[in-house]
Amino acid sequence: MGWTERQRAMLNEMGIRLFQPDSHLVDRCATSDGKQDGSPLSPAERGPATRETRPSPPLSARPNATSPREAGDAQRIATLDWPALREAVASCRACPLCERRTKTVFGVGHERAHWMIVGEAPGEQEDVRGEPFVGKAGQLLDNMLSALGLTRGEAGPAAQVFIANTLKCRPPGNRNPEPAELAQCEPFLLRQVALVQPKIILAMGRFAVQSLLRSTEPVGRLRGRVHRFGGVPLVVTYHPAYLLRNPEDKARAWEDLCLAREVAVTQRAAEQIEA
Ligand code: SF4
């Protein structure tokens, strides 16, 4: 987002520090257990300062360019409203994952949420319930969101997030998604982002990042800075399932959430100034 001098001055008066895309957050955020955390990232953690992900093209330009779906099909999905999009996902048979799914996992949350959380693919419990991020990983995500005053439960758009996965059907045996499956499913996620119009996207895990940023770099090298997806600020962080296996990275995930919060607050403040 570009800032006018007037916006900069008013944000400064409000005590809101402007973020710069790809800059590193050095603010301290209180952790959920009340401690202070967040020493600046070391050069090794940051990776090369000039490293960039490939810029994401505008949402409207992506489906045809990146998906093997028939061009007309991707274009049709890009025009659907919420009910039609839900129906399209529920009846989709565009990739082999449809054969063994119990339920499609469309996503949950506020349809105009300020925060959009994008995960990877449904696991066993998600497949049964038709909801993303359930089980222990879901509980950890809920706790992380709660620490920021966010929820997947009923609330206004500033507090209730929208949660979606890159894949809407479970890969058998929880195997990794295939690139072709991600490509086939991508128009659904693109349309969800276009309908929600979030102020911040939190991409959790390698496959969410692959899908949204077109990057094969590891999460550890992409986190800690602000990316863009179709003009929407995007912060990369670890998937909760990864954090359950690697609790030593929870502090870094918290830094990422603090960065995302700063971006969201700044975006909202700027919009209020413009209104
Ligand atoms: S994973 Fe996506 S593209 Fe594949 S069948 Fe399910 S909804 Fe369709």
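The numbers here are math on the coordinates, done by the rules we state, and not lab data. From a predicted model like this one, the values you see are computed outputs, not experimental measurements. Virtual Cβ from ideal backbone geometry, glycine too; neighbours counted across all protein chains shown.
Label sites at R93 and R175, each approximated as a point 7 angstrom past Cα along Cα to Cβ, lie 2.2 nm apart. Kindly list the residues of the stretch 202-225 that lie in the label zone of L244, defined by a backbone N under 18 Å from the point 7 Å along the Cα-to-C-beta vector. Within reach of a label on L244: 204-208. DSSP beta bridges fully contained in the stretch 56-203 are about 20 percent antiparallel.
Within the shell of other residues whose beta carbon sits under 11 angstrom from the beta carbon of V196, the net charge comes to +2, with Lys and Arg scored +1 and Asp and Glu -1.
Between D81 and A251, what length in nm is gained on full extension when 0.36 nm per residue of separation is reduced by their alpha carbon distance?
On the way: separation 170, 0.36 × 170 = 61.20 nm, distance 3.84 nm.
Here the answer is 57.4 nm.
The alpha carbon convex hull volume per residue for the stretch 125-222 rounds to 123 Å³.
When you have a sec, figure out the Kirkwood radius of the stretch 164-271 from all distinct Cα pair distances and drop it here in Å to one decimal? Could the numbers behind the result be given before it?
Numbers: mean 1/r = 0.0684 Å⁻¹.
Result for the stretch 164-271, one decimal place: 14.6 Å.
Of the peptides 193-202, 146-155, the ranking by mean beta-carbon count within 10 Å, highest at the top, reads 193-202, 146-155. Determine Rg/Rh for the stretch 199-255; Rg is computed over alpha-carbon atoms and Rh is the Kirkwood hydrodynamic estimate from the same atoms. Ratio of gyration radius to Kirkwood radius for the stretch 199-255: 0.95.
Taking every DSSP bridge with both residues inside the stretch 178-265, close to 50 percent are antiparallel.
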